[in-house]
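The values are calculated or read from the model by the stated rules, or taken from the named source; none is laboratory data. Owing to the predicted nature of the structure, the values given are computational and were not obtained by experimental measurement. Positions of Cβ are generated from backbone atoms using ideal geometry, with glycine treated the same way; all protein chains shown enter the neighbour counts.
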Amino acid sequence: MSDGAPTRRLRVLHLEDSDLDHELAMAHLQRAGLAVESRRIESRSEFETELQGDWDLILSDYNLPGFSGLQALDMLRESDRVWPFILVSGEIGEDTAVEAMRNGASDYLLKNNLSRLAPAMENAIEAAEARRARAAADEELQASRQRLAELAQHLQTSVELERSAIAREIHDDVGGSLTALNFDLAWIVRHAGSEPVRARATAALETVTHAIEASQRIMHNLRPAILEQGLVAALQWMASRYEKRTGIECVLHTSRDSLPLPTGVPLVAYRTAQEALTNVSKHAQATRVRLDLLLTPDMLSLEISDNGRGLSNRDLAKARSFGIRGLHERAVTVGGWVDLSSSSKGTTLILSIPMTAAETEADTPADAHGEAELSHDPSAWGDL
């Protein structure tokens, strides 16, 4: 700031009970080429008033009538102002100077060495401006993260709504048509007059049956209707179907059969388990998977662990490893988080969701029909 003409006038608040010392300090600043607009005060009440103003820097004597520079520094900190504060005194001990710097003072000077005043002010103002810039950048970054989280939540909600809509269309349109076709082919098989026609109709009936089963599976993946029976029932059903489909042993342990859960939490937990089990079957080369569901009034914790080959740092750092990132983003939508640890003995993924005071929906226990009911695909059309 001392090179060439200053671009602006510095507004300096000076706590000083000596008018002569004030004039001497301002003279040093003027000789250094700084344009300064100053105001001298010397009491606590005046300082409290001026804290509501707009200053570039505060100079303060250490000893003031009924007041001190350290007290002024404490008041500045409590006001949340980020103005630089330089302590100037005729005699200041090392301990006092260290205490002032620890409490946020930008610098300290002796009155018999005011040649350092202008450079100290320039450095202090530049440092304060840098702090303000960092604070503004941090605030903008936080706002950007908040917007990103809101967007992720909106996308997750939109995806689930779209999945539900597609599942309903499959159920109403495709399901109805396939079921009707199934009935017609069964009638043809029963009433066919020749063996070739009967054999052709039987083959077509098998094809339609496979199409119905595939449609049911697709519909369930799109919209897990089993969640209507509760999260525990849904995970039990998932573990049972997973073991039958992949041959990988899959067991579920839970602390509670049911618990009222905040809206959205059951679906997040279900999708997390679904994604984790899919990853195990694709990559882990595991023979056993364990799901541990801990439900308390304060926390839901879902742990999925396997005995597979584990994940390397290279696996986790893949540019397109969106599965794990998606789990993190999905957890954030309900205020939760995901922890992942892996070694050569296997991988463990833990979903943690605090139970807030949000509106809850009853996590209804599974139907009283028990294990037999859980083996049934809840997405089936039934007697259409």
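Residue-by-condition table, conditions (1) under 40 Å from the mean Cα position of the chain (by Cα); (2) buried (at least 20 other Cβ atoms within 10 Å of the Cβ); (3) at pLDDT 90 or above:
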residue	(1), (2), (3)
Glu50	no, no, yes
Asp54	yes, no, no
Arg77	yes, no, no
Ile92	no, no, no
Glu99	yes, no, no
Asn103	yes, no, no
Leu109	no, yes, no
Leu114	no, no, no
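So, in the stretch 189-226, how many residues would count as being closer than 23 Å to Asp173 by Cβ and either hydrophobic (A, V, I, L, M, F, W, C) or touching a His at 6+ places or on another chain (Cβ under 8 Å) (or both)?
Summing the residues that are closer than 23 Å to Asp173 by Cβ and either hydrophobic (A, V, I, L, M, F, W, C) or touching a His at 6+ places or on another chain (Cβ under 8 Å) (or both) in the stretch 189-226 gives 11.
Being within 24 Å of Lys345 (Cα to Cα), touching a residue at least 60 places away in the same chain (Cβ under 8 Å) and of a type outside the set (D, E, K, R), is that true of even one residue in the stretch 253-272?
Within the stretch 253-272 (the criterion being within 24 Å of Lys345 (Cα to Cα), touching a residue at least 60 places away in the same chain (Cβ under 8 Å) and of a type outside the set (D, E, K, R)), the answer is yes, since at least one residue qualifies.
Please go through the stretch 279-314 and pick out each residue that is assigned to a helix (DSSP H, G or I) and surrounded by 14 or more Cβ atoms within 10 Å (Cβ to Cβ).
Asn279, Val280, Ser281, His283, Ala284
Among (1) surrounded by 11 or more Cβ atoms within 10 Å (Cβ to Cβ); (2) more than 34 Å from the chain's Cα centre (by Cα); (3) assigned to a helix (DSSP H, G or I), which single condition is Ala165 missing?
Among (1) surrounded by 11 or more Cβ atoms within 10 Å (Cβ to Cβ); (2) more than 34 Å from the chain's Cα centre (by Cα); (3) assigned to a helix (DSSP H, G or I), the lone unmet condition for Ala165 is (2).
Starting from the stretch 284-299, take each residue that is in the same structural domain as Ala234 (by TED's automatic domain parsing) and over 15 Å from Ala239 (Cβ atoms) and list its partners that are surrounded by 20 or more Cβ atoms within 10 Å (Cβ to Cβ) and of a type in the set (D, E, K, R), counting only C-beta distances under 7 angstrom and pairs at least six apart or across chains.
That search, which allows pairs on different chains as well, returns Ala284/Asp306.
Tell me, please, whether a residue that is aliphatic (A, V, I, L, M), under 20 Å from Asp339 (Cα atoms) and modelled with pLDDT under 90 can be found in the stretch 248-263.
No, every residue in the stretch 248-263 fails to be aliphatic (A, V, I, L, M), under 20 Å from Asp339 (Cα atoms) and modelled with pLDDT under 90.
Within the group His22, His28, which residue is in a helix (DSSP H, G or I), more than 49 Å from the chain's Cα centre (by Cα) and surrounded by 18 or more Cβ atoms within 10 Å (Cβ to Cβ)?
When all the criteria are applied, what remains is His22.
Give me the strands (runs of 3 or more DSSP E) completely within the stretch 57-160, filtered to those with at least 2 residues that are β-branched (Val, Ile, Thr), ordered by residue number.
Qualifying strands (runs of 3 or more DSSP E): 85-89.
Only one of these is among the aliphatic types (A, V, I, L, M), exposed (fewer than 15 other Cβ atoms within 10 Å of the Cβ) and in a helix (DSSP H, G or I): Ala239, Ala233, Ala214, Ala273. Name it.
None of the others qualify; the one that does is Ala214.
How about the stretch 107-147: which of its residues are touching a residue at least 40 places away in the same chain (Cβ under 8 Å) and hydrophobic (A, V, I, L, M, F, W, C)?
Across the stretch 107-147, the qualifying residues are Leu114, Leu117, Ala118, Met121, Ala124, Ile125, Ala127, Ala128, Ala135.
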